Amino acid sequence: STTFSEPINKKFPKNFIWGTATASYQVEGGWQDDGKGESNWDHFTHTYPDHIANGDNGDIACDSYHKYLEDVELLKDLGANFYRFSLSWSRILPTGNADEVNQAGVDYYKNLISALKSNGIEPFVTLFHWDLPQALEDQGGWPNTDLLVEKFADYARLAFSLFGDDVKNWMTFNEAKQTCQLGYGYGVFAPGVNSDGIDSYKCAHTVLKSHARAYHIYDEEFRPTQNGRVSMVVDTDWFEPASDSDQDKEAAERKIQFNFGWYANAIYHPDGNYPQVMIDRIAERSQREGFEQSRLPAFTPEEVNYIKGTYDFFALNTYTTTMVQWSDDWEIGTPGYDADISVTTWQDSSWNSSASGWLKVVPWGTRKLLNWIDQTYNHPEIVITENGFSDHGELEDGGRVNYYLEYLSNILQAILDDGVNVTGYTAWSLMDNFEWLSGYTEKFGLHQVDFGNPDRPRTAKSSAEYYKKVISTRCLVDVCED
Ligand code: GBH
């Protein structure tokens, strides 16, 4: 299973769509320009510079707040069909409340959207890619379920009404697991709260309810006139069992249910709700730990039905693969997400590496993941909303070209040979940007950005040339069959 196949000389389907992605905090800069409010990532990077490589932050980043027209030029040159970007909630609503709108922030996104549209590029808009207005963080953030569901609903309604005539593809949340588990569980991401297996579960509960509210608001108030699509981006590695033993297979399935099903099941699975393995294990461990109730909040049957099916396509981010081996249940002691799962994981030392410790090049894993999703969630339409490779920013980025070639080859096999309904692909990222805790030390861009130059000039890398060719020919190699 550790072999990958040669790139195939077949073409991607004619209606397959191609894009690139970024996120507000990672590219915009202008962190307090023209009335923008402070976000939790502004607050976190300014309060704990020692938590970020080189003490860096997104204050300026790629300066896309001022240079968005250049970004649109890059997309146009690639021939991209769409651009996936996120809105900074605190740029539009500085306090997080929908009754105080910052018009300059609205104008920025209106201008970006209109520049995209006039160049034939569809905007794919994410409402929340991790930067929460700090004013809402100060009131407890995502674990404060009642407050955040209401605030997110108001924000989503405003975004649909402001931009929905032009935006036909919405994603409510990007990889909420990073916000919930890294932000409120391990405490390594903003806001830096350590409440592993307690607040991290509450956060996810809020996110799922908030997503469903936004979806229903769209359905009832906007879909009849705007006729777009709404979804939620869920991310996962592929989890490969360490052996053919039933125990290792069960462990790998449990791991993907905790990692992916935690967010995907309630929305995308025909039965809805959290995966049963999470419900059962967390209830049992909570009881043995002396909690009166499960640390995993419960949905009522009405809530299960309300959340179930709130998607118009399956939005998937995936980058890599992890091996999973069965282990004895971890001792009862400190409550936590990893203890709730109780498996052993690693990445194989033979896999090619990137500049990011977690990102190994395992193209066959993505094909297996696509097949698993196809089977588990009843053959949904899948749009890959992120996939990409990190290096140190060189223009001759052969490692990235190879990554795209091999991953896309496996995705194409999933489509043509396995019958998985993948309809679009998004390269992370349009350009080098602020890579969270890694600052500017790991580069994912198709375009290089010179962060030492105040003008932040962008330069196409070899991978941009390759991606451009793939988009125009629908072919991964020199010549494809017709
Ligand atoms: C995505 O996360 C994000 O959506 C995007 O913003 C980001 O820039 C991009 O991918 C590249 O990372 O430091 O070992 O604890 C991908 C999933 C989850 C991978 C958090 C890195 C931290 C691993 N990421 N994870 S570690």
Hey, Asn387 surrounded by fewer than 23 Cβ atoms within 10 Å (Cβ to Cβ), under 28 Å from Thr310 (Cα atoms) and under 17 Å from the mean Cα position of the chain (by Cα) or not
yes
Verdict on Leu369 being aliphatic (A, V, I, L, M) and over 29 Å from Asp271 (Cβ atoms):
no
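Residue under question is Gly399, and the condition is that it be surrounded by fewer than 24 Cβ atoms within 10 Å (Cβ to Cβ) and either touching a strand residue (DSSP E or B) at 6+ places or on another chain (Cβ under 7 Å) or in a strand (DSSP E or B) (or both); does it hold?
Details: surrounded by fewer than 24 Cβ atoms within 10 Å (Cβ to Cβ): yes; either touching a strand residue (DSSP E or B) at 6+ places or on another chain (Cβ under 7 Å) or in a strand (DSSP E or B) (or both): yes.
Spelling it out, Gly399 is indeed surrounded by fewer than 24 Cβ atoms within 10 Å (Cβ to Cβ) and either touching a strand residue (DSSP E or B) at 6+ places or on another chain (Cβ under 7 Å) or in a strand (DSSP E or B) (or both).
Residues being away from the ligand (no atom under 16 Å from the Cβ) and not polar (S, T, N, Q): count how many of those fall in region 365-392.
Here is the first cut: in region 365-392, the residues away from the ligand (no atom under 16 Å from the Cβ) are 367-368, 370-382.
Checking the rest, the ones that are also not polar (S, T, N, Q) come to 367-368, 370, 372-374, 377, 379-382.
Adding up the residues that qualify gives 11.
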Which members of region 405-441 meet the condition of being crowded, with 22+ Cβ neighbours inside 10 Å, within 12 Å of the ligand (Cβ to nearest atom) and either more than 17 Å from the chain's Cα centre (by Cα) or among the aliphatic types (A, V, I, L, M) (or both)?
Ala427, Leu430, Met431
Can you tell me which condition Ala355 does not meet? The list is (1) within 16 Å of the ligand (Cβ to nearest atom); (2) crowded, with 20+ Cβ neighbours inside 10 Å; (3) of a type outside the set (Phe, Trp, Tyr), and all the others hold.
(2)
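Against the definition (among the polar types (S, T, N, Q), surrounded by fewer than 24 Cβ atoms within 10 Å (Cβ to Cβ) and touching a helix residue (DSSP H, G or I) at 6+ places or on another chain (Cβ under 8 Å)), how does Gln257 come out, yes or no?
Details: among the polar types (S, T, N, Q): yes; surrounded by fewer than 24 Cβ atoms within 10 Å (Cβ to Cβ): yes; touching a helix residue (DSSP H, G or I) at 6+ places or on another chain (Cβ under 8 Å): yes.
It is true that Gln257 is among the polar types (S, T, N, Q), surrounded by fewer than 24 Cβ atoms within 10 Å (Cβ to Cβ) and touching a helix residue (DSSP H, G or I) at 6+ places or on another chain (Cβ under 8 Å).
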Between residues in region 409-420 that are within 13 Å of Arg474 (Cα to Cα) and residues that are of a type outside the set (A, V, I, L, M), which pairs lie under 6 Å by C-beta distance while being six or more apart or on different chains?
Ser409/Pro7
Hey, Phe291 surrounded by fewer than 19 Cβ atoms within 10 Å (Cβ to Cβ), away from the ligand (no atom under 16 Å from the Cβ) and not aliphatic (A, V, I, L, M) or not
yes
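Per-residue answers, yes or no, for (1) among the basic types (Lys, Arg); (2) in a helix (DSSP H, G or I):
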residue	(1), (2)
Asp455	no, no
Lys468	yes, yes
Ser472	no, yes
Asp482	no, no
What are the residue pairs meeting all of these: first residue in region 69-98, first residue touching a residue at least 60 places away in the same chain (Cβ under 8 Å), second residue of a type in the set (D, E, K, R) and part of a helix (DSSP H, G or I), Cβ atoms under 6 Å, and 6 or more apart or on different chains?
Leu78/Lys468; Gly79/Lys468; Ala98/Asp154
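Of the residues Gly79, Gly55, Gly19, which single one is surrounded by fewer than 23 Cβ atoms within 10 Å (Cβ to Cβ) and in contact with a strand residue (DSSP E or B) (Cβ under 9 Å, 6 or more places away or on another chain)?
Of the residues listed, the single one that is surrounded by fewer than 23 Cβ atoms within 10 Å (Cβ to Cβ) and in contact with a strand residue (DSSP E or B) (Cβ under 9 Å, 6 or more places away or on another chain) is Gly79.
Can you confirm whether Phe451 is within 22 Å of the chain's Cα centre (by Cα) and within 16 Å of the ligand (Cβ to nearest atom)? Before you say what the answer is, go through the steps one by one.
Working: within 22 Å of the chain's Cα centre (by Cα): no; within 16 Å of the ligand (Cβ to nearest atom): yes.
No: the conditions fail for Phe451.
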Which one is modelled with the lowest pLDDT among residues in region 329-352 that are loosely packed, with under 15 Cβ neighbours inside 10 Å and not β-branched (Val, Ile, Thr)?
Gly333
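Is it fair to say Thr318 is within 16 Å of the ligand (Cβ to nearest atom) and either in contact with a Leu (Cβ under 8 Å, 6 or more places away or on another chain) or among the polar types (S, T, N, Q) (or both)? Steps first, answer last, please.
Values: within 16 Å of the ligand (Cβ to nearest atom): yes; either in contact with a Leu (Cβ under 8 Å, 6 or more places away or on another chain) or among the polar types (S, T, N, Q) (or both): yes.
Considered against the rule, which asks whether it is within 16 Å of the ligand (Cβ to nearest atom) and either in contact with a Leu (Cβ under 8 Å, 6 or more places away or on another chain) or among the polar types (S, T, N, Q) (or both), Thr318 comes out as yes.
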Return the pair list, or none, for Cβ contacts closer than 6 Å from residues in region 19-41 that are touching a residue at least 24 places away in the same chain (Cβ under 8 Å) to residues that are β-branched (Val, Ile, Thr) and within 11 Å of the ligand (Cβ to nearest atom), at least 6 apart or on different chains.
Gly19/Thr426; Ala21/Thr426
For Ser409, state whether it is over 20 Å from Met232 (Cβ atoms) and outside any helix (DSSP H, G or I).
no
Pull out all pairs, ordered by first then second residue, where Cβ-Cβ is under 6 Å, the residues are six or more apart or on different chains, the first lies in region 343-366 and is farther than 24 Å from Asp418 by Cα, and the second is within 14 Å of the ligand (Cβ to nearest atom) and among the acidic types (Asp, Glu).
Ala355/Asp391; Ala355/Glu442; Ser356/Glu442
Looking only at residues in region 122-139 that are under 20 Å from the mean Cα position of the chain (by Cα) and part of a loop (DSSP other than H, G, I, E, B), which one is nearest to Gln178 (Cα to Cα)?
Trp130
Name the single residue that is farthest from Arg91 (Cα to Cα) among those in region 32-79 being in contact with a Lys or Arg (Cβ under 9 Å, 6 or more places away or on another chain), assigned to a loop (DSSP other than H, G, I, E, B) and more than 16 Å from the ligand (Cβ to nearest atom).
Gly79
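The values are calculated or read from the model by the stated rules, or taken from the named source; none is laboratory data. All values reported here derive from a predicted model rather than from experimental measurement. Note that each Cβ is placed from the backbone with ideal geometry, even for glycine, and that neighbours are counted across all protein chains shown.
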